[in-house]
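Visitor: Handing you this structure, nothing more for now.
The values are calculated or read from the model by the stated rules, or taken from the named source; none is laboratory data. Source: prediction; values computed, not measured. FYI the Cβ positions are ideal-geometry reconstructions off the backbone, even for glycines, and counts take in every protein chain you see. Note: accessible area is taken over every heavy atom of the protein model, side chains too, but ligands, DNA and RNA are not part of it. Shrake-Rupley method; radii C 1.70, N 1.55, O 1.52, S 1.80 Å.
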Amino acid sequence: MSDIPRASKIYVNGTILTVDELNSRAQAVAVSDHYILAVGTNEKVRQYPDLLTPIAIFTRRAYGRLRKSG
């Protein structure tokens with residue numbers, strides 16, 4: 001069994017402003033119950049789902065509030 005937590009939803013192909021010290025940008029985010037599990041490239045974030053995890057493709061600008069886990 002893997003130690004990787006499972007996301008409840010994954011968003012890919014976007015431009016995500018991480019608001020970290022370097023103001024980095026990412027392509028994808030994995031979330032679980034309104035908490036961020038991972039932010040990064042589409043490939044990195046796609047490791048978090050199981051077969052039933054929905055994957056959403058960013059198609060427009062969206063704003064939301066998510067809390068970082070841990």
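Visitor: Filter region 5-16 for residues that are of a type outside the set (F, W, Y) and part of a strand (DSSP E or B); which is surrounded by the most Cβ atoms within 10 Å (Cβ to Cβ)?
Guide: I10
Visitor: What number of residues within region 17-31 satisfy the criterion of being outside any loop (DSSP other than H, G, I, E, B) and surrounded by 17 or more Cβ atoms within 10 Å (Cβ to Cβ)? Give the derivation first.
Guide: Keep residues of region 17-31 that are outside any loop (DSSP other than H, G, I, E, B), which gives 17, 25-26, 28-31.
Subset that is surrounded by 17 or more Cβ atoms within 10 Å (Cβ to Cβ): 26, 28-31.
Adding up the residues that qualify gives 5.
Visitor: Going through region 36-60 one residue at a time, which ones are open to solvent by less than 100 Å² (accessible area, probe 1.4 Å) and assigned to a loop (DSSP other than H, G, I, E, B)?
Guide: Passing the criteria: T41, Q47, Y48, P49, D50, T53, P54, F58.
Visitor: While we're looking at this one, here's another question. Taking only pairs six or more apart or across chains, which ones have beta-carbon atoms under 8 Å, a first residue in region 10-29 that is on the phi > 0 side of the Ramachandran plot, and a second residue that is of a type in the set (A, V, I, L, M) and modelled with pLDDT under 90?
Guide: Taking only residues 6 or more apart or on different chains, the pairs are N13/I57; N23/L17.
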